[in-house]
Amino acid sequence: MNKKWKVSALFLIAATVLAGCGSKSASAGTHDYATKQTYNLMANTEVETMDPSLADDSTSLAQLENTNEGLYHPSKTGKLMPEAASKTTVNKDGMTYTFTIHKGMKWSNGDPVTAQNFVYGWQRSVNPTTKAPNAFLFAPIKNANAIMNGKKSVKTLGVKAVNKTTFKVTLAKPAPYLKQMTALPAFFPQDKKVVEKYGKSYGTSSDKTVYNGPFVQKGWTGSNLTWKLKKNTNYWDKKTVHLTTVNMQVVQNSSTALNLYQVKKLDDISLSGEQATQEKNNKDFYSSTANSMTYAVYNFKNKAMQNINIRKAISLVLNRKQVTSKVLADGSITPKGFVPAKLTENPKTGADFTTDAAVANSVTQNKTLAKKYWAKGMKQLGKTKLTINLMCWDEGSNSQVAEYMQSEINQTLKGADVKESTLPKKSAITKMSSHTGFDMALTGWSPDFLDLMDVLQLEQTGNPYNFGSFSNKTFDKYMKVAITTDATNSQARYDDYVKAEKVLMKQQGVAVIDQGASTYLHNPKVKDAVSTTDGGTYLKKAYVVK
(Lines give C-alpha, C1' and ligand atoms only; values in the text may rest on other atoms or scores of the structure.)
Protein backbone atom coordinates (compact mmCIF):
# COMPACT_ATOMS: atom_id res chain seq x y z
CA MET A 1 0.00 0.00 0.00
CA ASN A 2 1.41 3.33 -0.98
CA LYS A 3 1.15 5.30 2.22
CA LYS A 4 1.41 8.72 0.63
CA TRP A 5 -1.99 9.84 -0.46
CA LYS A 6 -0.85 12.82 -2.34
CA VAL A 7 1.28 11.88 -2.57
CA SER A 8 3.02 14.78 -1.23
CA ALA A 9 5.38 15.86 -0.32
CA LEU A 10 6.53 14.64 1.04
CA PHE A 11 9.45 12.64 0.41
CA LEU A 12 11.99 13.62 2.83
CA ILE A 13 13.35 11.55 5.51
CA ALA A 14 13.97 8.27 5.07
CA ALA A 15 16.96 7.81 5.08
CA THR A 16 17.35 4.25 5.21
CA VAL A 17 19.81 2.74 2.79
CA LEU A 18 18.61 0.04 0.46
CA ALA A 19 22.15 -1.17 -0.09
CA GLY A 20 22.71 -4.59 1.33
CA CYS A 21 25.99 -6.20 2.26
CA GLY A 22 28.65 -5.79 -0.37
CA SER A 23 32.17 -6.90 -1.03
CA LYS A 24 34.89 -6.24 1.52
CA SER A 25 36.41 -3.64 -0.77
CA ALA A 26 33.10 -1.84 -1.16
CA SER A 27 32.38 -1.74 2.56
CA ALA A 28 35.92 -0.52 3.23
CA GLY A 29 35.43 2.45 0.97
CA THR A 30 37.46 1.24 -2.05
CA HIS A 31 34.57 0.47 -4.36
CA ASP A 32 34.87 -2.28 -6.94
CA TYR A 33 32.69 -0.45 -9.48
CA ALA A 34 30.91 -2.32 -12.23
CA THR A 35 31.73 -1.16 -15.72
CA LYS A 36 28.08 -0.49 -16.45
CA GLN A 37 26.57 2.02 -14.02
CA THR A 38 22.91 1.37 -14.86
CA TYR A 39 20.01 1.03 -12.44
CA ASN A 40 16.56 -0.33 -13.37
CA LEU A 41 13.99 1.25 -11.09
CA MET A 42 10.26 0.79 -10.65
CA ALA A 43 7.70 3.55 -10.08
CA ASN A 44 4.27 2.69 -8.63
CA THR A 45 2.45 5.46 -10.47
CA GLU A 46 2.87 7.71 -13.49
CA VAL A 47 4.64 11.06 -13.42
CA GLU A 48 2.04 13.82 -13.23
CA THR A 49 4.28 16.86 -13.67
CA MET A 50 7.90 18.01 -13.67
CA ASP A 51 6.90 21.48 -12.51
CA PRO A 52 8.45 21.90 -9.02
CA SER A 53 5.67 24.26 -7.94
CA LEU A 54 2.87 21.88 -8.94
CA ALA A 55 4.28 18.43 -8.10
CA ASP A 56 2.23 16.73 -5.41
CA ASP A 57 2.47 12.99 -6.10
CA SER A 58 5.18 10.59 -5.01
CA THR A 59 6.54 9.69 -8.45
CA SER A 60 6.81 13.29 -9.64
CA LEU A 61 8.42 14.37 -6.38
CA ALA A 62 10.97 11.54 -6.56
CA GLN A 63 11.82 12.50 -10.14
CA LEU A 64 12.27 16.14 -9.19
CA GLU A 65 14.51 15.44 -6.23
CA ASN A 66 16.84 13.46 -8.50
CA THR A 67 16.86 15.90 -11.40
CA ASN A 68 16.76 19.15 -9.42
CA GLU A 69 17.95 20.29 -6.05
CA GLY A 70 17.29 22.92 -3.44
CA LEU A 71 19.46 24.32 -0.71
CA TYR A 72 19.41 21.17 1.45
CA HIS A 73 18.62 17.46 1.30
CA PRO A 74 18.62 14.66 3.91
CA SER A 75 21.63 12.35 3.85
CA LYS A 76 21.35 8.55 3.98
CA THR A 77 21.44 8.75 7.78
CA GLY A 78 18.62 11.33 7.92
CA LYS A 79 20.90 14.26 8.74
CA LEU A 80 20.11 17.43 6.80
CA MET A 81 22.98 18.16 4.43
CA PRO A 82 23.68 21.23 2.27
CA GLU A 83 23.27 20.84 -1.48
CA ALA A 84 23.10 24.09 -3.45
CA ALA A 85 23.90 25.95 -0.21
CA SER A 86 27.60 26.32 0.61
CA LYS A 87 26.95 28.39 3.74
CA THR A 88 23.96 29.42 5.88
CA THR A 89 23.75 32.06 8.57
CA VAL A 90 20.77 32.72 10.84
CA ASN A 91 20.21 35.92 12.82
CA LYS A 92 19.99 35.55 16.60
CA ASP A 93 16.24 36.19 16.56
CA GLY A 94 15.75 33.40 14.01
CA MET A 95 13.91 35.73 11.65
CA THR A 96 16.49 36.12 8.88
CA TYR A 97 18.32 33.39 6.97
CA THR A 98 21.13 34.13 4.54
CA PHE A 99 22.07 31.31 2.16
CA THR A 100 25.25 31.39 0.08
CA ILE A 101 25.08 29.10 -2.94
CA HIS A 102 27.97 27.49 -4.78
CA LYS A 103 29.67 29.53 -7.46
CA GLY A 104 29.64 28.29 -11.03
CA MET A 105 26.49 26.17 -10.79
CA LYS A 106 24.69 25.67 -14.10
CA TRP A 107 21.34 24.50 -15.36
CA SER A 108 21.34 21.62 -17.84
CA ASN A 109 20.88 24.16 -20.66
CA GLY A 110 24.02 26.04 -19.59
CA ASP A 111 22.28 28.96 -17.85
CA PRO A 112 23.87 29.94 -14.53
CA VAL A 113 22.06 28.92 -11.32
CA THR A 114 21.78 32.12 -9.28
CA ALA A 115 20.20 33.44 -6.12
CA GLN A 116 17.61 35.12 -8.32
CA ASN A 117 16.47 31.66 -9.48
CA PHE A 118 15.57 30.88 -5.87
CA VAL A 119 13.75 34.19 -5.52
CA TYR A 120 11.75 33.51 -8.67
CA GLY A 121 11.01 29.88 -7.76
CA TRP A 122 9.72 30.75 -4.30
CA GLN A 123 7.68 33.67 -5.61
CA ARG A 124 6.15 31.46 -8.27
CA SER A 125 5.18 28.76 -5.73
CA VAL A 126 3.48 31.37 -3.51
CA ASN A 127 1.77 33.21 -6.36
CA PRO A 128 -1.96 32.32 -6.18
CA THR A 129 -2.15 32.20 -9.99
CA THR A 130 0.24 29.24 -9.97
CA LYS A 131 -2.13 27.25 -7.73
CA ALA A 132 0.74 25.39 -6.07
CA PRO A 133 -0.74 22.71 -3.78
CA ASN A 134 2.00 23.20 -1.18
CA ALA A 135 2.02 27.00 -1.17
CA PHE A 136 0.77 26.97 2.42
CA LEU A 137 4.21 25.75 3.53
CA PHE A 138 5.59 29.21 2.78
CA ALA A 139 3.36 30.77 5.48
CA PRO A 140 6.23 31.64 7.87
CA ILE A 141 7.91 33.85 5.23
CA LYS A 142 7.21 37.56 5.35
CA ASN A 143 4.04 38.56 3.43
CA ALA A 144 3.43 35.00 2.17
CA ASN A 145 -0.07 34.75 3.62
CA ALA A 146 -1.09 38.15 2.24
CA ILE A 147 0.23 37.16 -1.19
CA MET A 148 -1.59 33.84 -1.16
CA ASN A 149 -4.80 35.69 -0.22
CA GLY A 150 -4.34 38.13 -3.08
CA LYS A 151 -3.76 41.13 -0.79
CA LYS A 152 -0.13 41.85 -1.71
CA SER A 153 2.10 41.59 -4.74
CA VAL A 154 4.29 38.49 -5.04
CA LYS A 155 7.24 40.88 -5.23
CA THR A 156 6.76 41.69 -1.53
CA LEU A 157 7.62 38.11 -0.46
CA GLY A 158 10.44 38.15 2.09
CA VAL A 159 13.09 36.82 -0.30
CA LYS A 160 15.93 38.74 -1.90
CA ALA A 161 18.92 38.08 -4.14
CA VAL A 162 21.66 40.15 -2.48
CA ASN A 163 23.99 39.18 -5.33
CA LYS A 164 24.34 36.22 -7.69
CA THR A 165 25.28 33.79 -4.93
CA THR A 166 23.55 35.23 -1.84
CA PHE A 167 19.90 34.50 -1.11
CA LYS A 168 18.27 36.21 1.88
CA VAL A 169 15.00 35.10 3.49
CA THR A 170 13.04 37.23 5.97
CA LEU A 171 10.39 35.54 8.09
CA ALA A 172 7.14 36.82 9.55
CA LYS A 173 7.47 34.36 12.42
CA PRO A 174 10.23 31.97 13.53
CA ALA A 175 10.42 28.72 11.56
CA PRO A 176 13.10 26.43 13.00
CA TYR A 177 12.27 23.90 10.28
CA LEU A 178 12.96 26.29 7.36
CA LYS A 179 16.13 24.53 6.21
CA GLN A 180 14.25 21.22 6.13
CA MET A 181 11.55 22.75 3.94
CA THR A 182 14.12 23.96 1.40
CA ALA A 183 14.62 20.32 0.39
CA LEU A 184 11.06 20.22 -1.00
CA PRO A 185 10.55 20.75 -4.75
CA ALA A 186 8.24 23.74 -4.16
CA PHE A 187 11.32 25.48 -2.69
CA PHE A 188 13.64 24.62 -5.58
CA PRO A 189 15.12 27.36 -7.80
CA GLN A 190 13.48 27.86 -11.19
CA ASP A 191 14.87 29.29 -14.43
CA LYS A 192 12.47 32.11 -15.31
CA LYS A 193 13.56 32.09 -18.96
CA VAL A 194 12.53 28.45 -19.36
CA VAL A 195 9.30 28.77 -17.37
CA GLU A 196 8.18 31.70 -19.52
CA LYS A 197 9.31 30.01 -22.73
CA TYR A 198 6.99 27.03 -22.22
CA GLY A 199 4.20 28.79 -20.30
CA LYS A 200 1.37 26.40 -19.46
CA SER A 201 3.35 23.55 -21.04
CA TYR A 202 6.22 23.96 -18.57
CA GLY A 203 6.98 20.66 -16.88
CA THR A 204 4.58 18.62 -19.02
CA SER A 205 7.36 16.57 -20.62
CA SER A 206 11.09 15.93 -20.26
CA ASP A 207 12.06 18.49 -22.90
CA LYS A 208 9.84 21.28 -21.55
CA THR A 209 11.79 21.97 -18.40
CA VAL A 210 15.40 22.33 -17.25
CA TYR A 211 17.45 20.64 -14.53
CA ASN A 212 20.01 21.69 -11.92
CA GLY A 213 20.36 18.34 -10.12
CA PRO A 214 22.41 15.14 -10.46
CA PHE A 215 20.39 13.78 -13.38
CA VAL A 216 18.35 14.96 -16.34
CA GLN A 217 15.16 13.25 -17.37
CA LYS A 218 14.90 11.88 -20.91
CA GLY A 219 12.00 10.46 -22.88
CA TRP A 220 9.01 11.30 -20.71
CA THR A 221 6.32 12.61 -23.06
CA GLY A 222 3.73 13.37 -20.41
CA SER A 223 1.89 10.06 -20.41
CA ASN A 224 4.29 7.21 -21.21
CA LEU A 225 5.25 4.55 -18.69
CA THR A 226 8.99 4.28 -19.39
CA TRP A 227 11.72 6.95 -19.45
CA LYS A 228 15.31 7.47 -18.38
CA LEU A 229 17.42 9.54 -16.04
CA LYS A 230 20.85 10.43 -17.40
CA LYS A 231 23.81 11.86 -15.51
CA ASN A 232 23.76 15.67 -15.73
CA THR A 233 27.11 16.74 -17.21
CA ASN A 234 26.47 20.34 -16.12
CA TYR A 235 25.86 19.42 -12.47
CA TRP A 236 28.20 21.25 -10.09
CA ASP A 237 28.89 18.14 -7.98
CA LYS A 238 28.98 15.59 -10.81
CA LYS A 239 32.10 13.91 -9.41
CA THR A 240 29.93 12.32 -6.70
CA VAL A 241 27.41 10.97 -9.25
CA HIS A 242 28.28 7.46 -10.44
CA LEU A 243 25.17 6.19 -12.22
CA THR A 244 25.10 7.04 -15.90
CA THR A 245 21.60 5.73 -16.65
CA VAL A 246 18.50 5.01 -14.61
CA ASN A 247 15.81 3.15 -16.53
CA MET A 248 12.42 4.05 -15.08
CA GLN A 249 9.35 1.88 -15.55
CA VAL A 250 5.86 2.28 -14.12
CA VAL A 251 4.58 -1.07 -12.82
CA GLN A 252 1.28 -1.00 -10.97
CA ASN A 253 0.72 -4.75 -10.78
CA SER A 254 2.73 -6.27 -7.93
CA SER A 255 2.94 -9.71 -9.56
CA THR A 256 4.33 -8.18 -12.73
CA ALA A 257 6.90 -6.26 -10.70
CA LEU A 258 8.04 -9.43 -8.93
CA ASN A 259 8.39 -11.28 -12.24
CA LEU A 260 10.48 -8.43 -13.68
CA TYR A 261 12.72 -8.49 -10.63
CA GLN A 262 13.21 -12.23 -10.85
CA VAL A 263 14.35 -12.00 -14.49
CA LYS A 264 16.68 -9.09 -13.58
CA LYS A 265 14.79 -6.45 -15.54
CA LEU A 266 14.22 -4.45 -12.35
CA ASP A 267 16.76 -3.87 -9.57
CA ASP A 268 14.32 -2.60 -7.01
CA ILE A 269 10.63 -3.25 -6.36
CA SER A 270 8.14 -2.52 -3.59
CA LEU A 271 6.25 -5.52 -2.26
CA SER A 272 2.58 -5.96 -1.45
CA GLY A 273 1.52 -7.47 1.88
CA GLU A 274 1.18 -11.04 0.59
CA GLN A 275 4.45 -10.78 -1.31
CA ALA A 276 6.23 -9.37 1.74
CA THR A 277 5.22 -12.48 3.70
CA GLN A 278 6.34 -14.81 0.90
CA GLU A 279 9.65 -13.06 0.24
CA LYS A 280 10.77 -12.23 3.77
CA ASN A 281 13.47 -14.92 3.68
CA ASN A 282 14.83 -13.77 0.32
CA LYS A 283 18.40 -12.48 0.72
CA ASP A 284 17.35 -9.37 -1.25
CA PHE A 285 14.47 -8.60 1.12
CA TYR A 286 14.50 -5.25 2.90
CA SER A 287 11.94 -3.72 5.29
CA SER A 288 11.79 -0.78 7.68
CA THR A 289 9.13 1.19 9.50
CA ALA A 290 8.23 4.42 7.73
CA ASN A 291 6.96 7.77 8.99
CA SER A 292 3.77 7.37 6.98
CA MET A 293 0.34 7.09 8.56
CA THR A 294 -2.93 5.74 7.15
CA TYR A 295 -6.10 7.16 8.64
CA ALA A 296 -9.78 7.69 7.95
CA VAL A 297 -11.23 11.19 7.96
CA TYR A 298 -14.77 11.87 9.10
CA ASN A 299 -16.65 14.38 6.97
CA PHE A 300 -17.64 16.98 9.54
CA LYS A 301 -20.06 18.53 7.06
CA ASN A 302 -22.23 15.48 7.76
CA LYS A 303 -24.32 15.88 10.95
CA ALA A 304 -23.80 12.26 11.99
CA MET A 305 -20.01 12.58 11.70
CA GLN A 306 -20.14 15.69 13.89
CA ASN A 307 -21.33 13.49 16.75
CA ILE A 308 -18.35 12.55 18.92
CA ASN A 309 -20.03 9.41 20.20
CA ILE A 310 -20.50 8.09 16.68
CA ARG A 311 -16.83 8.80 15.90
CA LYS A 312 -15.60 7.14 19.09
CA ALA A 313 -17.77 4.09 18.43
CA ILE A 314 -16.37 3.64 14.93
CA SER A 315 -12.78 3.91 16.14
CA LEU A 316 -13.30 1.50 19.05
CA VAL A 317 -14.66 -1.17 16.69
CA LEU A 318 -11.41 -1.39 14.74
CA ASN A 319 -8.68 -3.89 15.57
CA ARG A 320 -5.49 -2.22 14.33
CA LYS A 321 -3.39 -5.30 15.11
CA GLN A 322 -5.55 -7.34 12.78
CA VAL A 323 -5.19 -4.70 10.06
CA THR A 324 -1.39 -4.63 10.26
CA SER A 325 -0.84 -8.38 10.67
CA LYS A 326 -3.60 -9.82 8.48
CA VAL A 327 -4.89 -7.21 6.03
CA LEU A 328 -1.62 -5.43 5.28
CA ALA A 329 0.99 -7.96 6.45
CA ASP A 330 3.75 -5.75 5.05
CA GLY A 331 5.60 -4.71 8.19
CA SER A 332 3.18 -1.91 9.08
CA ILE A 333 2.73 -1.38 12.81
CA THR A 334 -0.19 -0.47 15.04
CA PRO A 335 -0.33 3.28 15.65
CA LYS A 336 -0.17 5.09 18.98
CA GLY A 337 -1.73 8.29 17.70
CA PHE A 338 -1.86 10.61 14.70
CA VAL A 339 1.87 11.40 14.83
CA PRO A 340 4.08 8.46 13.78
CA ALA A 341 6.33 6.79 16.33
CA LYS A 342 10.02 7.74 16.34
CA LEU A 343 9.38 11.00 14.54
CA THR A 344 10.67 13.11 17.43
CA GLU A 345 11.58 12.96 21.12
CA ASN A 346 10.93 15.05 24.22
CA PRO A 347 13.87 17.51 24.36
CA LYS A 348 14.12 17.10 28.13
CA THR A 349 13.39 13.43 28.81
CA GLY A 350 14.09 11.73 25.49
CA ALA A 351 10.68 10.05 25.56
CA ASP A 352 9.06 9.37 22.21
CA PHE A 353 6.32 11.88 21.33
CA THR A 354 3.75 9.11 20.98
CA THR A 355 4.35 8.08 24.60
CA ASP A 356 3.88 11.61 25.93
CA ALA A 357 0.79 12.25 23.79
CA ALA A 358 -0.97 8.88 24.19
CA VAL A 359 -4.74 8.99 24.80
CA ALA A 360 -6.53 5.96 26.21
CA ASN A 361 -9.05 4.20 23.93
CA SER A 362 -8.15 6.34 20.91
CA VAL A 363 -6.49 3.59 18.83
CA THR A 364 -7.55 0.40 20.64
CA GLN A 365 -10.42 -2.00 20.11
CA ASN A 366 -13.19 -2.20 22.72
CA LYS A 367 -16.44 -3.41 21.19
CA THR A 368 -18.40 -3.22 24.43
CA LEU A 369 -17.54 0.45 24.85
CA ALA A 370 -18.08 1.02 21.13
CA LYS A 371 -21.67 -0.23 21.38
CA LYS A 372 -22.36 2.10 24.32
CA TYR A 373 -21.04 5.16 22.46
CA TRP A 374 -22.94 4.12 19.32
CA ALA A 375 -26.25 3.75 21.15
CA LYS A 376 -25.77 7.14 22.80
CA GLY A 377 -24.87 8.80 19.51
CA MET A 378 -27.79 7.26 17.61
CA LYS A 379 -30.17 8.42 20.30
CA GLN A 380 -28.79 11.96 20.07
CA LEU A 381 -29.27 11.84 16.30
CA GLY A 382 -32.76 10.40 16.60
CA LYS A 383 -31.87 7.49 14.31
CA THR A 384 -32.13 3.72 14.35
CA LYS A 385 -30.23 3.24 11.10
CA LEU A 386 -27.23 5.13 9.72
CA THR A 387 -25.75 4.77 6.25
CA ILE A 388 -22.07 5.69 5.99
CA ASN A 389 -20.36 6.10 2.63
CA LEU A 390 -16.74 5.00 3.13
CA MET A 391 -14.60 6.14 0.20
CA CYS A 392 -11.22 4.66 -0.71
CA TRP A 393 -8.97 4.49 -3.76
CA ASP A 394 -8.04 1.63 -6.05
CA GLU A 395 -4.30 1.38 -5.36
CA GLY A 396 -2.38 -0.88 -3.02
CA SER A 397 -4.27 -2.24 0.00
CA ASN A 398 -6.53 0.78 0.41
CA SER A 399 -9.69 -1.05 -0.63
CA GLN A 400 -8.85 -4.11 1.50
CA VAL A 401 -8.57 -1.92 4.59
CA ALA A 402 -11.88 -0.28 3.68
CA GLU A 403 -13.51 -3.72 3.31
CA TYR A 404 -12.24 -4.71 6.76
CA MET A 405 -13.65 -1.51 8.28
CA GLN A 406 -16.95 -2.04 6.53
CA SER A 407 -17.25 -5.59 7.87
CA GLU A 408 -16.34 -4.76 11.47
CA ILE A 409 -18.61 -1.72 11.72
CA ASN A 410 -21.62 -3.36 10.10
CA GLN A 411 -21.31 -6.52 12.20
CA THR A 412 -20.77 -4.75 15.52
CA LEU A 413 -22.80 -1.55 15.52
CA LYS A 414 -26.57 -1.96 15.39
CA GLY A 415 -28.15 -0.05 12.53
CA ALA A 416 -24.84 0.79 10.85
CA ASP A 417 -24.74 0.35 7.08
CA VAL A 418 -21.28 1.14 5.72
CA LYS A 419 -21.17 1.24 1.93
CA GLU A 420 -17.70 1.15 0.43
CA SER A 421 -16.96 3.12 -2.75
CA THR A 422 -13.63 2.54 -4.49
CA LEU A 423 -12.48 5.26 -6.87
CA PRO A 424 -9.37 5.96 -8.94
CA LYS A 425 -6.88 7.58 -6.59
CA LYS A 426 -6.92 10.96 -8.33
CA SER A 427 -10.73 11.07 -8.26
CA ALA A 428 -10.83 10.13 -4.58
CA ILE A 429 -8.37 12.87 -3.67
CA THR A 430 -10.37 15.39 -5.70
CA LYS A 431 -13.51 14.50 -3.76
CA MET A 432 -11.67 14.67 -0.45
CA SER A 433 -10.29 18.09 -1.37
CA SER A 434 -13.82 19.34 -2.09
CA HIS A 435 -15.20 17.67 1.08
CA THR A 436 -18.00 16.07 -0.93
CA GLY A 437 -19.19 12.60 -1.89
CA PHE A 438 -18.20 10.75 1.29
CA ASP A 439 -18.97 10.39 4.99
CA MET A 440 -15.62 8.76 5.75
CA ALA A 441 -12.56 8.43 3.53
CA LEU A 442 -9.28 6.54 3.79
CA THR A 443 -6.18 8.60 3.20
CA GLY A 444 -2.63 8.88 4.47
CA TRP A 445 0.36 11.14 4.97
CA SER A 446 4.14 11.09 5.11
CA PRO A 447 5.86 14.16 6.55
CA ASP A 448 7.44 16.59 4.13
CA PHE A 449 10.08 17.16 6.79
CA LEU A 450 10.80 15.81 10.27
CA ASP A 451 8.86 18.24 12.39
CA LEU A 452 5.67 17.85 14.43
CA MET A 453 4.18 20.90 12.77
CA ASP A 454 4.14 19.19 9.37
CA VAL A 455 1.95 16.37 10.69
CA LEU A 456 -0.38 18.14 13.09
CA GLN A 457 -1.01 21.14 10.84
CA LEU A 458 -3.07 18.81 8.63
CA GLU A 459 -5.95 19.06 11.09
CA GLN A 460 -5.85 22.82 11.62
CA THR A 461 -8.98 24.69 10.60
CA GLY A 462 -8.74 25.62 6.95
CA ASN A 463 -5.67 23.56 6.04
CA PRO A 464 -6.10 22.38 2.41
CA TYR A 465 -5.31 18.80 3.46
CA ASN A 466 -7.85 18.81 6.29
CA PHE A 467 -10.14 16.64 4.17
CA GLY A 468 -12.73 16.02 6.87
CA SER A 469 -13.03 19.73 7.79
CA PHE A 470 -12.22 18.99 11.43
CA SER A 471 -12.19 22.24 13.42
CA ASN A 472 -11.47 22.67 17.10
CA LYS A 473 -10.61 26.00 18.77
CA THR A 474 -8.50 24.43 21.51
CA PHE A 475 -6.48 22.40 19.00
CA ASP A 476 -5.95 25.50 16.85
CA LYS A 477 -4.90 27.49 19.91
CA TYR A 478 -2.12 25.07 20.84
CA MET A 479 -0.95 24.95 17.22
CA LYS A 480 -0.83 28.73 17.00
CA VAL A 481 1.20 29.08 20.21
CA ALA A 482 3.63 26.43 18.97
CA ILE A 483 4.38 28.34 15.77
CA THR A 484 4.41 31.82 17.32
CA THR A 485 5.02 32.46 21.03
CA ASP A 486 6.90 29.19 21.66
CA ALA A 487 8.51 28.78 18.23
CA THR A 488 12.06 29.28 19.53
CA ASN A 489 11.61 27.38 22.81
CA SER A 490 12.03 23.71 21.89
CA GLN A 491 10.52 22.28 25.09
CA ALA A 492 7.55 24.65 25.23
CA ARG A 493 6.92 24.07 21.52
CA TYR A 494 7.06 20.30 22.02
CA ASP A 495 4.62 20.53 24.95
CA ASP A 496 2.21 22.57 22.81
CA TYR A 497 2.18 19.83 20.20
CA VAL A 498 1.59 17.17 22.85
CA LYS A 499 -1.47 19.10 24.00
CA ALA A 500 -2.68 19.52 20.43
CA GLU A 501 -2.31 15.80 19.68
CA LYS A 502 -4.25 14.92 22.83
CA VAL A 503 -7.12 17.19 21.82
CA LEU A 504 -7.21 15.66 18.34
CA MET A 505 -7.28 12.09 19.64
CA LYS A 506 -9.76 12.78 22.48
CA GLN A 507 -12.07 14.36 19.92
CA GLN A 508 -11.41 11.47 17.54
CA GLY A 509 -10.86 14.05 14.80
CA VAL A 510 -9.56 11.23 12.61
CA ALA A 511 -9.48 7.43 12.95
CA VAL A 512 -5.82 6.43 12.73
CA ILE A 513 -5.39 2.98 11.15
CA ASP A 514 -1.70 2.09 10.89
CA GLN A 515 1.88 3.32 10.62
CA GLY A 516 3.38 2.14 7.37
CA ALA A 517 6.48 0.25 6.34
CA SER A 518 8.76 0.25 3.33
CA THR A 519 9.14 -3.30 2.04
CA TYR A 520 11.36 -4.06 -0.95
CA LEU A 521 13.41 -6.49 -2.92
CA HIS A 522 16.66 -4.76 -3.79
CA ASN A 523 19.60 -5.82 -5.95
CA PRO A 524 22.51 -5.91 -3.46
CA LYS A 525 24.93 -4.84 -6.19
CA VAL A 526 23.33 -1.38 -6.14
CA LYS A 527 24.76 0.60 -3.22
CA ASP A 528 23.77 3.85 -1.51
CA ALA A 529 20.36 4.19 -3.16
CA VAL A 530 18.45 5.94 -0.38
CA SER A 531 14.83 4.99 0.28
CA THR A 532 12.43 7.84 0.92
CA THR A 533 9.21 7.65 2.92
CA ASP A 534 6.94 7.99 -0.10
CA GLY A 535 8.48 4.97 -1.79
CA GLY A 536 10.88 6.99 -3.92
CA THR A 537 14.65 6.58 -4.14
CA TYR A 538 17.38 9.24 -3.93
CA LEU A 539 20.17 8.35 -6.34
CA LYS A 540 22.85 11.03 -6.21
CA LYS A 541 25.51 8.83 -4.62
CA ALA A 542 24.24 5.43 -5.75
CA TYR A 543 26.58 3.10 -7.61
CA VAL A 544 26.80 -0.47 -8.92
CA VAL A 545 29.51 -2.94 -7.84
CA LYS A 546 30.76 -5.93 -9.84
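The values are calculated or read from the model by the stated rules, or taken from the named source; none is laboratory data. Since the model is a prediction, treat every value here as computed from it, not as a measurement. All Cβ positions, even for glycine, are placed from backbone atoms using ideal geometry, and neighbour counts span all protein chains on display. Remember, those area values only see protein heavy atoms, side chains included, never the ligands or the DNA or RNA. Shrake-Rupley method; radii C 1.70, N 1.55, O 1.52, S 1.80 Å.
To the nearest ten degrees, helix 115-126 and the longest principal axis of the Cα atoms of the chain are 20 degrees apart.
Any idea what % of Cα-Cα pairs in the range 110-155 are farther than 17 Å? Intermediate results must be reported in sequence, preceding the final value.
Values: 304 of 1035 pairs.
Cα-Cα pairs in the range 110-155 separated by more than 17 Å: 29 percent.
A quarter of the convex hull surface defined by the alpha-carbon atoms of the range 61-140 gives 6.8 nm² as the mean projection. On full extension, the segment bounded by LYS238 and THR349 gains 35.7 nm, given 0.36 nm per residue less the C-alpha separation.
Of THR488, GLY462, LEU539, which is farthest along the charge dipole of the range 411-546 in the positive direction, counting Lys and Arg as +1 and Asp and Glu as -1 at C-beta? The Cα lying farthest towards the positive end belongs to LEU539. Antiparallel DSSP bridges in the chain: what percent, to the nearest 5? Within the chain, antiparallel bridges account for around 75 percent of the total. Determine the shape class of the range 396-546: with a ≥ b ≥ c the square roots of the Cα gyration tensor eigenvalues, call it rounded for a/c under 1.5, and otherwise prolate if a/b is greater than b/c, oblate otherwise. Verdict is oblate for the range 396-546.
Relative to the longest principal axis of the Cα atoms of the chain, the long axis of helix 473-483 makes an angle of roughly 20 degrees.
Cut-off 18 Å, label point 7 angstrom out along Cα-to-Cβ of THR364: give me the residues of the range 296-330 whose amide nitrogen falls inside. Backbone N within reach: 312-324. Rounded to the nearest 20, the Cβ-based charge dipole of the chain about its Cα centre (Lys and Arg +1, Asp and Glu -1) stands at 840 debye. Shown here: Cα extents along the principal axes in Å, derived from the displayed model; of the candidates (1) 87, 53, 44; (2) 70, 57, 48; (3) 90, 52, 49, it corresponds to (2). Projecting the Cα atoms of ALA375, VAL327, ALA402 onto the charge dipole of the range 326-421 (Cβ charges, centred on the Cα centre) puts ALA375 farthest toward the positive pole.
Rounded to 0.05, the FRET efficiency of the LYS106 and ASN282 pair, given R0 = 41 Å and the Cβ-Cβ distance, is 0.45. Here the range 117-203 exposes an accessible surface that is 49 percent carbon and sulfur, computed with a 1.4 Å probe and the other protein chains kept in place. Computed extension length for ASN319-ASN489: 57.4 nm, one decimal, from 0.36 nm per residue of separation with the Cα-Cα distance subtracted.
If R0 is taken as 41 Å, the Cβ-Cβ distance between ASP394 and LYS193 corresponds to a FRET efficiency of 0.50.
Taking other residues whose beta carbon is less than 12 angstrom from the beta carbon of GLN180, and scoring Lys, Arg as +1 and Asp, Glu as -1, yields -1.
What FRET efficiency, computed as 1/(1 + (r/R0)^6) with R0 = 30 Å and r the Cβ-Cβ distance, is obtained for ASP476 and THR96, rounded to the nearest 0.05? Before the final figure, lay out each step's value.
Numbers: r = 28 Å, r/R0 = 0.92.
Efficiency for this residue pair is about 0.60.
Using only the heavy atoms of the protein chains and a 1.4 Å probe, how would LYS92, LYS265 rank by accessible area, largest first? Could the numbers behind the result be given before it?
Working: LYS92 215, LYS265 130 Å².
Per-residue accessible area, sorted high to low, gives LYS92, LYS265.
Work out, step by step, the length gained on full extension between LYS419 and GLN380: first 0.36 nm times the residue separation, then minus their alpha carbon distance; give nm to one decimal. Before the final figure, lay out each step's value.
Numbers: separation 39, 0.36 × 39 = 14.04 nm, distance 2.24 nm.
Here the segment from LYS419 to GLN380 would lengthen by 11.8 nm.
Solvent-accessible surface (1.4 Å probe) assigned to VAL481 amounts to roughly 50 Å².
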